[in-house]
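Student: Supplied in structure tokens, the structure appears directly below.
The values are calculated or read from the model by the stated rules, or taken from the named source; none is laboratory data. A quick note: this is a predicted structure, and the numbers were derived from the prediction, not measured. Here the Cβ is made from the backbone with ideal geometry for all residues, glycine too, and neighbour counts use every protein chain on show. Just the protein is used for accessible areas: all its heavy atoms, side chains included, with ligands, DNA and RNA removed. Shrake-Rupley method; radii C 1.70, N 1.55, O 1.52, S 1.80 Å.
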Amino acid sequence: MECPFPSWSYYIKDEYSPSHHLCQIINELIPVFDRYYENHSEQQLLSPYTYIDHSLVPIKITGDIIDAMGVSATFAALKHKYNQGLKVLIQGGHYQVNRVNQTTIDWQKIRIQEKLADDVVDSGRVPRQVECELSGDLVDGHVPGDIVTCSGIVKCLESEKTKETGQLYYLYIDVMHIKGKDEKEGKDSMRFSEKDLRGINEIYNYQGDLFKLLVHSVCPTVFGHEMVKAGILLTLFGARKRENNGVRSDPHMLIVGDPGLGKSQLLTASVKLAPRGVYVCGNATTTAGLTVTICKDSETGDTALEAGALVLGDQGVCCIDEFDKMKEHHALLEAMEQQSISVAKSGIVCSLPARTSIIAAANPVGGHYNKQKTVSENLKMNGALLSRFDLVFILLDVADENMDAFLSDHIMKIHSGTLTTGAKRVVQRQTESCSLLERLRIFSNEEIDPIPPSLLRKYISYARTYSKPKLTKEAAELLQNFYMQLRKKYNTTPITTRQLESMIRLSEARARSEMRDQVTAQDAQDVIDLMKTSLWDTYDDGRGVDFNRSQLGTGNSRQNEKKLFLIELNDVSRRNCTKKFHFDEMKRIANGMGLKISIVELVEYLNLQGISTFYDIAIVGGGMVGTATACAIASSPFAKELKIALIESGDLLQKPQLADNIFSNRVSSITPTSESFLRDLGAWELIPETRKRPYTEMHVWDGIGDGSISFTPENGHVATIVENRFIQSSLAEVSQRYSQIKLFNKEKVLSIKEEDRKPTLALESGETISCELLVGADGFMSKVRDYANIKVNGYDYSQFGLVATLNVEESDNVTAWQRFLPTGPIALLPLSSTVSSLVWSLSGSLAHKLAKMDPNEFAQLVNVGFLNRFQDFQYIIDNIDNDGKCSVDVYHEAQWGREDYHSKFYPPTVLSVQDNTRGAFPLRIRHADTYIADRIALVGDAAHSMHPLAGQGLNIGLSDAKQLAKVISNGLRDGSDLGSVLLLKEYESSRYLPNAGVMVGVDFMSKLFSTDVTSPVRSLGMNILDKSGLFKETIMKIVG
């Protein structure tokens, strides 16, 4: 194979020789003394292909410890594949245990994962693993993440999981000897051959600017980004190790920027260059995957810890791509600063080393970096985490004719195969007065033959092992003066000693890159230039350098300072009872607040406050229906340039807490149609599986007669019970993916009026927005509906809905139960195998009495409501006073109902009520005269509200959202006016009558079962309809 690096071919030509891999295999076949051979000479190993006289095969394996029983670990693999059909034949009699003379020994099982050769980074397959057994003095000598060499005997045992794995036997290694790398040597060290040392010496004696050559050897396929590559290189070299002083020696680096600028390629190249590197992607990484996971051994049942990426990357580099997609960043806090991971799980308390440098790449929220926002605002990330990065680089896709010409020429060379030249050019050193960026740039008449990745990797490993540079007095003074200058000149700049320690680490890495024993003043100056680039990028807001912004924390952007100034003016206006301010007075207020923004910009901002911001669509109400409407509209292929305002008075971004078997009392029954809609939006998958409970049957029966109807679909399920908070949270997360949606979180609409024939909204924050189409999703008391003068028809029921979360007897719990009592229907909906949700319609006085009952008595009363005769239930509720105290033994009545009264259906027995889950709300039916007006559309409860009898309120609201989004998408495709009644008429005509039909049917059912006069006829009708499959299929179709 032809070497792509002809100038360095002498030092790496073994990699391209077929004999290289053969030598590797031969070297692994190291003979080991067979200590069992004499005692087991009659044991033989038989394979389908060969007959071997000796059953014990000595072998030597090198790998990373992944799983150490009782300690922690994970992964492993061996470099030889063994036949899974091996059988052991025992000649002679049976073995018997001599229990008189038996003794116990220390024993431990570990799992090791194969370690690729130093010149191989990715073999393109999953690393293989093998279990090893240790005994005696070999036990507890190593921890997860260690690199060890095991010598032992391959054996096989009968597998207990034959049905699962299809293996009769599984292989393991009886370890005779185990050796790990010396702590002084380090896990990232390599073995160097004579040619390796010659290549390293060639690099060390390079005649020219060595650092420039090293920088341009980092991912040469990515053009430019010299300072970023320099930062990566220094991160790979790292600082010298301190002994027991708690000072971190591994730098961390973050790359933030627009898509398509090569961030992922830089990270991939970093892993290939690191002597010990791990690459993970944030969108497919969990907290356990980064740290440790509790597991149990399938054979012994012992508890163990599986090491994650940070532990496996100990004394190396961990590259995290898509850093912004990670949901739980707090797992990195300890590892990045203390360089360890503390574990306290399942009775295991320990601390694992995680001495790794982290190189992360992230995309800003919305796709493109907004320089008017801080780094934290662009990433929506915790400032405590960002402050742990030594370097933060901002990559922007800025149009530049000269740079674009260089970039396109570079890409053409890559694809034509002419990027690397055959002759090595010497990179001349620039004058010492030039900045680091000027020295690193390649000019048009300059060519560089980069160092091959395999050789550069060995050079980095050699430098990390043997180079221990120390700060000189000149370098220390230079770094200290720069630090003091920033603190003095820009007293608001958030520079702390953490940044000073970062500069010290990077200075030592700069000296280590050229394998010097001392850090020179030039090394310190290069690091200062690198730090300036990082600081200036993060402080630049597009209009200049703003030193009030935090480099890594939250800070205040210029836009936020303007809002703070406006709030302060409003406060002064209220105190002084005036709305007029002189220019000098405003300047004095701004100076008193410590604002560095010019007073001219502030005045311009104040003048613009009287001008409303225009949006194509404004949605008032960010509940489930409102947020679903926004997401459905934004998902249209014709809505890429649309501007959507989503206004919510509550906290839409609040994440629900996930606690085992603790459920909210606000749930919804999601039909398959609604489920499909949420799945299309991408929200259904975001709801945890443990919070989605599909039910496959539904039983409805009369509380007085014997009539009943059972719904059991042939395919699929009736519906799925989901807590409202998880539906809301998943839709809110989806809305953040669309740059078209501007969320006004915790923002109230003060008033709505018409200006220039467009709805204009005044918000509580003082901002004014106008829109082409105003969507009302703001519930029963809709301000949008009032603004449009749309009347509603309906009335209040003389009932309240009583809801609660109940603990029930454990069962499959995949059935919904509903019994129609004269006092109102009672329904039990499954949430898990042991938890159900109660929805009970009662009179207002009775609902408040039951809400005050003793929790245990209330639980038994629910059982009575489902199983006992209505006369028994009526007798109990007649003996409940206004304070919720009952003079009847409810437990005895419930027990009698379950044992003596033969009910047609038996729901799971209610055991108790979860704390603080009982609540009552009034029931009503409302329907707007119309769903639309000029530039107005109503969805959800703003257009209709109904009895919760059938649980269809949210489902028809989601159908409204889906249909309105479809109509808007068609209007965008045809270039129609989004607010015209002619366009919106299609939405109303498709939704008004179906919604009205469902509401009338539910209202009729509520009245039908609220009396016992028609009980015999009603029961007869229910039984007849229960036998009509067509009727039930039609009902399921209408409801679904």
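Student: Quick check on Glu764: is it in contact with a strand residue (DSSP E or B) (Cβ under 7 Å, 6 or more places away or on another chain), without any contact (Cβ under 8 Å) to a residue 24 or more places away in the chain and not hydrophobic (A, V, I, L, M, F, W, C)?
Tutor: The answer is yes for Glu764.
Student: Given the residues Ser912, Ser969, Ser959, which is the only one that is polar (S, T, N, Q), modelled with pLDDT of 90 or more and assigned to a strand (DSSP E or B)?
Tutor: It is Ser912.
Student: If Phe820 passes every condition in (1) in contact with a Gly (Cβ under 7 Å, 6 or more places away or on another chain); (2) open to solvent by 30 Å² or more (accessible area, probe 1.4 Å); (3) among the aromatic types (Phe, Trp, Tyr) but one, which one does it miss?
Tutor: (2)
Student: Working only within region 950-990, note down all residues that are open to solvent by 10 Å² or more (accessible area, probe 1.4 Å) and β-branched (Val, Ile, Thr).
Tutor: Ile956, Val981 - these are the residues of region 950-990 that are open to solvent by 10 Å² or more (accessible area, probe 1.4 Å) and β-branched (Val, Ile, Thr).
Student: Among residues belonging to region 206-255 that are surrounded by fewer than 21 Cβ atoms within 10 Å (Cβ to Cβ) and acidic (Asp, Glu), point out the one that is farthest from the chain's Cα centre (by Cα).
Tutor: Once the filter is applied, the top-ranked residue is Asp209.
Here's the yes/no breakdown for (1) touching a helix residue (DSSP H, G or I) at 6+ places or on another chain (Cβ under 8 Å); (2) farther than 24 Å from Val222 by Cβ; (3) open to solvent by 30 Å² or more (accessible area, probe 1.4 Å); (4) at pLDDT below 90:
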site	(1), (2), (3), (4)
Glu438	no, no, yes, yes
Phe443	no, no, yes, yes
Ile448	yes, no, no, yes
Pro452	yes, no, no, yes
Ser467	yes, yes, no, yes
Glu474	yes, yes, yes, no
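Student: If you don't mind, there's one more thing I want to ask. In the set Ser376, Ser351, Ser340, which member is at pLDDT 80 or above, among the hydroxyl-bearing types (Ser, Thr, Tyr) and surrounded by 15 or more Cβ atoms within 10 Å (Cβ to Cβ)?
Tutor: Within the list Ser376, Ser351, Ser340, the selection yields Ser340.
Student: Kindly check whether there is at least one residue in region 130-147 that is closer than 26 Å to Arg276 by Cβ, modelled with pLDDT under 70 and hydrophobic (A, V, I, L, M, F, W, C).
Tutor: no
Student: Please find, within region 604-646, the residue that is modelled with the lowest pLDDT out of those that are of a type in the set (Phe, Trp, Tyr) and open to solvent by 20 Å² or more (accessible area, probe 1.4 Å).
Tutor: Of everything passing the filter in region 604-646, Tyr605 is modelled with the lowest pLDDT.
Student: Next up: Given the residues Thr286, Thr293, which is the only one that is farther than 25 Å from Arg505 by Cα and either over 23 Å from the mean Cα position of the chain (by Cα) or touching a residue at least 60 places away in the same chain (Cβ under 8 Å) (or both)?
Tutor: Only one candidate qualifies: Thr293.
Student: Among the listed residues Thr815, Thr823, identify the single one that is modelled with pLDDT under 90 and polar (S, T, N, Q).
Tutor: Every option except Thr823 fails the conditions.
Student: Out of all the residues in region 575-598, which are part of a helix (DSSP H, G or I) and modelled with pLDDT under 70?
Tutor: Correct list: Phe583 only.
Student: Can you find a residue that is modelled with pLDDT of 85 or more, touching a helix residue (DSSP H, G or I) at 6+ places or on another chain (Cβ under 6 Å) and either open to solvent by 10 Å² or more (accessible area, probe 1.4 Å) or within 21 Å of Arg355 (Cα to Cα) (or both) anywhere in region 174-183?
Tutor: Looking through region 174-183, at least one residue is modelled with pLDDT of 85 or more, touching a helix residue (DSSP H, G or I) at 6+ places or on another chain (Cβ under 6 Å) and either open to solvent by 10 Å² or more (accessible area, probe 1.4 Å) or within 21 Å of Arg355 (Cα to Cα) (or both).
Student: Suppose we keep only residues that are in a helix (DSSP H, G or I) and among the small types (Gly, Ala, Ser) within region 664-706. Which one would you say is farthest from Ile826 (Cα to Cα)?
Tutor: Only one residue fits best here, namely Ser676.
Student: Considering (1) at pLDDT below 90; (2) farther than 24 Å from Ser782 by Cβ, say which one Val998 fails and leave the rest.
Tutor: The single condition Val998 does not satisfy is (2).
Student: Consider region 289-311. How many of its residues are at pLDDT below 80, open to solvent by 30 Å² or more (accessible area, probe 1.4 Å) and not β-branched (Val, Ile, Thr)?
Tutor: Within region 289-311, residues that are at pLDDT below 80, open to solvent by 30 Å² or more (accessible area, probe 1.4 Å) and not β-branched (Val, Ile, Thr) number 6.
Student: Among the candidates Phe870, Phe921, Phe866, Phe858, which residue alone is within 42 Å of the chain's Cα centre (by Cα) and surrounded by 15 or more Cβ atoms within 10 Å (Cβ to Cβ)?
Tutor: Phe858
Student: Within the group Glu767, Glu754, which residue is open to solvent by 60 Å² or more (accessible area, probe 1.4 Å), of a type outside the set (Ser, Thr, Tyr) and closer than 28 Å to Ile567 by Cα?
Tutor: Going through Glu767, Glu754 in turn, the sole match is Glu754.
Student: State all residues of region 925-949 that are open to solvent by 40 Å² or more (accessible area, probe 1.4 Å), closer than 27 Å to Val718 by Cα and at pLDDT 85 or above; if no residue qualifies, say none.
Tutor: Arg926, Asp941
Student: Taking Gly897 and the conditions (1) within 20 Å of Ser708 (Cα to Cα); (2) open to solvent by less than 10 Å² (accessible area, probe 1.4 Å); (3) in contact with a Ser or Thr (Cβ under 7 Å, 6 or more places away or on another chain), which numbered condition does it fall short on, given that it satisfies the others?
Tutor: Exception for Gly897: condition (3).
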